[in-house]
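**Q** Sharing a structure with you now.
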Protein chains: 2
Amino acid sequence: MTRAEAADMPDDGEFRTPERLRRRASRLLSQVAAQTDRLITDGLARADARKWHYAALASLEEHGPASQATLSRRTGVYRSDMVGVLNELSERGLVERALDPGDRRRNVITITTQGRRHLHRLDKVLDDLHEELLAPLRPAERDQFVRLLTRLLDHHTQQAPPPP
Amino acid sequence: MTRAEAADMPDDGEFRTPERLRRRASRLLSQVAAQTDRLITDGLARADARKWHYAALASLEEHGPASQATLSRRTGVYRSDMVGVLNELSERGLVERALDPGDRRRNVITITTQGRRHLHRLDKVLDDLHEELLAPLRPAERDQFVRLLTRLLDHHTQQAPPPP
DNA sequence: TGACTAACGTTCATGTCACTAACGTTCGTT
DNA sequence: AACGAACGTTAGTGACATGAACGTTAGTCA
């Protein structure tokens, strides 16, 4: 039996999530986010990439070459993890790591032509994945959804940027 | 220099997240969910509880005594993890674990009076936390938000219930 | 100038989460 | 009587978010 067609037996709830939980915005958020994460992670994996790779490449194309620390701050990827991400990207020729002649502590990371091409391919992949993600919502609702999320994020982010 | 007072230099974005990322529903979701998770986890910790504890107790009160496997299905807490959750809850006298006389594979978990009291306390704590979470939204918007999330979740959940 | 502080890249370690694998026990069905 | 499946349990995996510490380098100030 599949729980869905349980029209005959009263289904006292072998699979029924308590209303208390079902209604909570926090739980809805975490569930939807988890589903989304799997969708995106799998989709990117099929395109031979990962979220962090995309984030780094996107940052490099939008704002130009940067140090690893800056990339880390811009993408939210932790600086410890950025190391590995850039290792992989540079191994594959998507970015180049060079010593900053003006500051020998820094590496200057630059996106390559190949990296740009990869990024644009990933942009399309993500467009498709988001189409799938937001399929049940009409365009106006999608906008609303994004707006609400943005407001929530802004509200809960504003009081904790790195201190001066 | 501190980025905040960069009114003079054009702030080419030492901390600026790429638009590509900022706009994506997937990223917004994951960020907001992460913030939310911390809010809830911390809040519950202050009340000496954890999400899974709440989920188990809520399920027990709403649907009555159940086996661990059933609890796991109802709450989404993985059955491997349910073991530890119930250990902790029963150590604290919030639930009781008894062998099911009718099926010696099963444990029957029952919520205690103390557990009920704890649960009701947590309900209040969660109400407050959600008030904080959704603070920037007006009541109608909160409803909208929950509705949109629910539709997304339903859509992405319906095609993968446990197989017959 | 020399000493101190802070940022950088890096490695290693920690904790949580979702999930898989495997095990022995028990049940239901054939 | 035998087999497959469900149960509770333990142990382990991989992704993710962090923290600690280290050597190197820059910038600041006494």
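Computed from the coordinates by the stated procedures, all read-outs in this text should not be read as laboratory data. These numbers were taken from a predicted model, which means no experiment stands behind them. When we count neighbours, we look across all protein chains shown, and the Cβ atoms used for this are built from the backbone with ideal geometry, even at glycine.
**Q** Can you give me the distance in nm between label points at A:Arg92 and B:Arg38, each placed 7 Å from the Cα along the Cα-to-Cβ direction?
**A** About 2.9 nm, to one decimal.
**Q** Gaussian network model of chain A, Cα springs within a sub-10 Å range: biggest mean-square fluctuation belongs to which of A:Leu152, A:Leu137, A:Leu119?
**A** A:Leu152
**Q** So, one more: Pairs of Cα atoms under 8 Å, at least six residues apart: use those to get the relative contact order of the range A:46-132, whole percent.
**A** Working: 92 pairs, mean separation 26.8, N = 87.
It rounds to 31 percent for the range A:46-132.
**Q** So which lysines can B:Lys124 reach, going by Cα to Cα under 23 Å and dropping same-chain residues fewer than 8 places off?
**A** Answer for B:Lys124, where 23 Å is the Cα cut-off: B:Lys51, listed by chain and number.
**Q** Using +1 on the beta carbon of Lys and Arg, -1 on that of Asp and Glu, and nothing else charged, what's the dipole of the protein assembly as shown about the Cα centre, debye to 20? Kindly include the intermediate steps, with their values, before the conclusion.
**A** Values: 54 positive and 50 negative charges, 53 e Å.
With Lys and Arg at +1 and Asp and Glu at -1, about 260 debye.
**Q** Most exposed first by the Cβ proxy, i.e. fewest other Cβ within 10 Å, how do B:Glu132, B:Glu19 rank? Don't skip to the end; give the middle numbers.
**A** Values: B:Glu132 13, B:Glu19 10.
With the sparsest Cβ surroundings first, the list reads B:Glu19, B:Glu132.
**Q** Show that you can apply the helix-only estimate: for chain B, add -39,500 (n - 2.57) for every DSSP H stretch of four or more residues, divide by all residues, and state [θ] at 222 nm to the nearest 500. Walk me through the numbers before you get to the answer.
**A** Numbers: 7 runs with 101 residues, N = 164.
Per the formula, -20000 deg cm²/dmol.
**Q** Check which residues have an amide H placed less than 5 Å from B:Val95's amide H, if you skip close sequence neighbours.
**A** Residues meeting the criterion, in which the H sits 1.01 Å from N, are B:Ser90, B:Thr112.
**Q** Quick check for me: using +1 on Lys/Arg Cβ and -1 on Asp/Glu Cβ, what's the dipole size of chain A about its Cα centre, in debye to the nearest 20?
**A** Working: 27 positive and 25 negative charges, 136 e Å.
That gives chain A a dipole magnitude of about 660 debye.
**Q** With charges only on Cβ, +1 for K and R and -1 for D and E, what is the dipole size of the range B:47-133 about its Cα centre, in debye, rounded to 20? Intermediate results must be reported in sequence, preceding the final value.
**A** On the way: 14 positive and 14 negative charges, 93 e Å.
With only Lys, Arg, Asp and Glu charged at Cβ, the dipole is about 440 debye.
**Q** Over the range A:1-147, what is the relative contact order in whole percent, taking alpha-carbon pairs under 8 Å and six or more residues apart? Before the final figure, lay out each step's value.
**A** Details: 113 pairs, mean separation 31.0, N = 147.
After rounding, I find 21 percent.
**Q** Along the charge dipole of the range B:14-164, Cβ charges K/R +1 and D/E -1, which of B:Leu152, B:Ser80, B:Pro136 sits furthest on the positive end?
**A** Towards the positive end, the residue furthest out is B:Leu152.
**Q** Read phi for every residue in the range A:65-70 and hand back ³J(HN,Hα) as whole Hz from Karplus 6.51 cos²θ - 1.76 cosθ + 1.60, θ = phi - 60°, with x for Gly and Pro.
**A** 3J(HN,Hα) across the range A:65-70, in whole Hz: x, 7, 6, 5, 5, 5.
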